[in-house]
Amino acid sequence: MFKTLDDLPDDQCVLVRLDLNSPVEDGKPQDNRRFQRHARTVRELMETGHRVVLMAHQGRPGRDDFISLEGHADILAEHVGHDVGFVADTYGEEALAAIDALEPGEALLLENTRMCDDELPEKEPEAHADSEFVQTLSGHVDAYVNDAYSAAHRAHASLVGFPLVLPAYAGRVMETEYEANTAIAEKEFDGQVTMVVGGTKATDVIDVMHAIGDKVDTFCMGGIAGELFLRADGAPVGFDLDPEADLYDSQWDANHETIESLIDERGDGIRLATDLAYEADDGDRAEVRVADVDEKDESYLDIGTETVESYEPIIRESDAVFVKGALGVFEDERFSTGTVGVLEAIAETDCFSVVGGGDTSRAIEMYGLSEDDFSHVSIAGGAYIRALTGDSLIGVEVLQQERD
Ligand SMILES: Nc1ncnc2c1ncn2[C@@H]1O[C@H](COP(=O)(O)OP(=O)(O)O)[C@@H](O)[C@H]1O
Ligand SMILES: O=C(OP(=O)(O)O)[C@H](O)COP(=O)(O)O
């Protein structure tokens, strides 16, 4: 097990890794469950008199959601109930001066860790620990807290480097998500187990579908992942109309062999959409049967109504349902039918259910569903699905290693 905030000595300057990676609309981060959950860790550290230095990432370089964390500091402060400062620097002089000036009970958010060159390359923890980023920041703090369970599957510097250099602890979100997801991975179900797979990060899911396959009877597919499966099944869909967007093509290149072998192996255990929705010229939602598509000339933004109706009875007959990723662009009400239909079907049954993903779990409150209707709502997506396979997460592993 790892040490927690209960083991942290008094009066520390703590470097805390959060996961505030959020949906971005018009260049602004959108409030979501991640702020609310991490606020608990931050508030506890501030109110017990520590000096709190926060690190987090947002988006991926080159994407529209790769933005500064300035707006995140304001949203976090609202949830914490105390001011949270912001400095537009990751570990340069400005950041170090701001850290050194912190008073007990104050908190400061550093700039997007992915703006620092040392952060992103996936490397061994030892190599990250030697980086200038980790060595420099470590010299200005006493301890490291990792609260970012939902990013713990990534071997990035801010997640795996610091625990080798500083006394390291798990934050409250790390602790609760780890306990919940480990317990879920160990659960056995008598009846049908269904996994609803969608979202944009198809690679994260497809990577582990073989390993999860033992536990899951039926996969119901949607989102980008679902369209890639349709392509492997011979439909003329599942590629980028605008190659700049790169939602499909590189994920297809990386995963098509795995997808083809999954379809071969599992046959009917993988349910694909039979119809898809798109935006018609008049701006309304329109639907097309997959069998009638000769050539992809629309972006498909949701599974169709017939598909939702075919997934609902599978969910009603299940003992356990896991959701990873939205089945459509639910943020736009016209394309929320798939995601909301599936969530409502789960909410109406008393099956064991987990909804995962920072983005996907937002659909619950957006469409008037209650968190209480699900057994567990995780703010982790890729990390939770990996945990279900029983595999460890690198960010958790380094926290668990005892150091002198
Ligand atoms: N067909 C689609 N085209 C574009 N985006 C989609 C599509 N289907 C789902 N999405 C998007 O997927 C996002 C969630 O996916 P992802 O980031 O992989 O999951 P999470 O963060 O919940 O783990 C949602 O914000 C939704 O808008
Ligand atoms: O949002 C995240 O993961 P998720 O979408 O799987 O929940 C994490 O912040 C990891 O982000 P990344 O997938 O860009 O490495």
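The values are calculated or read from the model by the stated rules, or taken from the named source; none is laboratory data. All figures in this text were calculated on a predicted structure; none of them were measured in a lab. Note: ideal-geometry Cβ built from the backbone for every residue, glycine included; neighbour counts use all protein chains shown. Remember, those area values only see protein heavy atoms, side chains included, never the ligands or the DNA or RNA. Shrake-Rupley method; radii C 1.70, N 1.55, O 1.52, S 1.80 Å.
Answer yes or no: is there a residue in the stretch 329-337 that is within 21 Å of Thr194 (Cβ to Cβ), more than 16 Å from ligand 2 (Cβ to nearest atom) and assigned to a strand (DSSP E or B). The answer is no; no qualifying residue exists. For the residues Tyr248, Tyr278, the requirement of being under 25 Å from the mean Cα position of the chain (by Cα) and either closer than 22 Å to Glu306 by Cβ or buried (at least 17 other Cβ atoms within 10 Å of the Cβ) (or both) singles out Tyr248. You will find that of Ala107, Ala97, Ala39, the residue that is touching a strand residue (DSSP E or B) at 6+ places or on another chain (Cβ under 9 Å) and touching a residue at least 40 places away in the same chain (Cβ under 8 Å) is Ala107 and no other. Contact annotation: residue pairs with Cβ atoms under 7 Å, 6 or more positions apart or on different chains, pairing a residue in the stretch 295-315 that is in the same structural domain as Val196 (by TED's automatic domain parsing) and within 15 Å of Thr194 (Cα to Cα) with a partner that is small (Gly, Ala, Ser) and not in a loop (DSSP other than H, G, I, E, B), are Val308/Gly338; Val308/Gly341; Glu312/Gly341; Glu312/Ala345; Ile315/Ala345. Quick check, is Ala211 in contact with a Gly (Cβ under 7 Å, 6 or more places away or on another chain), more than 13 Å from ligand 1 (Cβ to nearest atom) and at pLDDT below 95? In short, no.
Listed conditions (1) within 30 Å of Leu120 (Cβ to Cβ); (2) open to solvent by 20 Å² or more (accessible area, probe 1.4 Å) are all met by Gly358, apart from (2). If the condition is being within 13 Å of ligand 2 (Cβ to nearest atom) and charged (D, E, K, R), then the stretch 38-63 contributes Arg60, Arg63. Using the structure shown, decide if Asp404 is within 15 Å of ligand 2 (Cβ to nearest atom), over 16 Å from Thr194 (Cα atoms), at pLDDT below 95 and open to solvent by 40 Å² or more (accessible area, probe 1.4 Å). So Asp404 does not fit the description; no. Just one residue in the set Asp332, Asp373 is more than 18 Å from the chain's Cα centre (by Cα) and away from ligand 1 (no atom under 14 Å from the Cβ); that residue is Asp373. Looking only at residues of the stretch 139-164 that are open to solvent by 10 Å² or more (accessible area, probe 1.4 Å) and touching a strand residue (DSSP E or B) at 6+ places or on another chain (Cβ under 8 Å), we find that the one that is nearest to ligand 2 (Cβ to nearest atom) is Val141. There is no residue in the stretch 190-203 that is more than 30 Å from Asp268 (Cβ to Cβ) and touching a residue at least 60 places away in the same chain (Cβ under 8 Å). On the given criteria, is Ile206 crowded, with 17+ Cβ neighbours inside 10 Å, within 26 Å of Glu186 (Cβ to Cβ) and within 16 Å of ligand 2 (Cβ to nearest atom)? Considered against the rule, which asks whether it is crowded, with 17+ Cβ neighbours inside 10 Å, within 26 Å of Glu186 (Cβ to Cβ) and within 16 Å of ligand 2 (Cβ to nearest atom), Ile206 comes out as yes.
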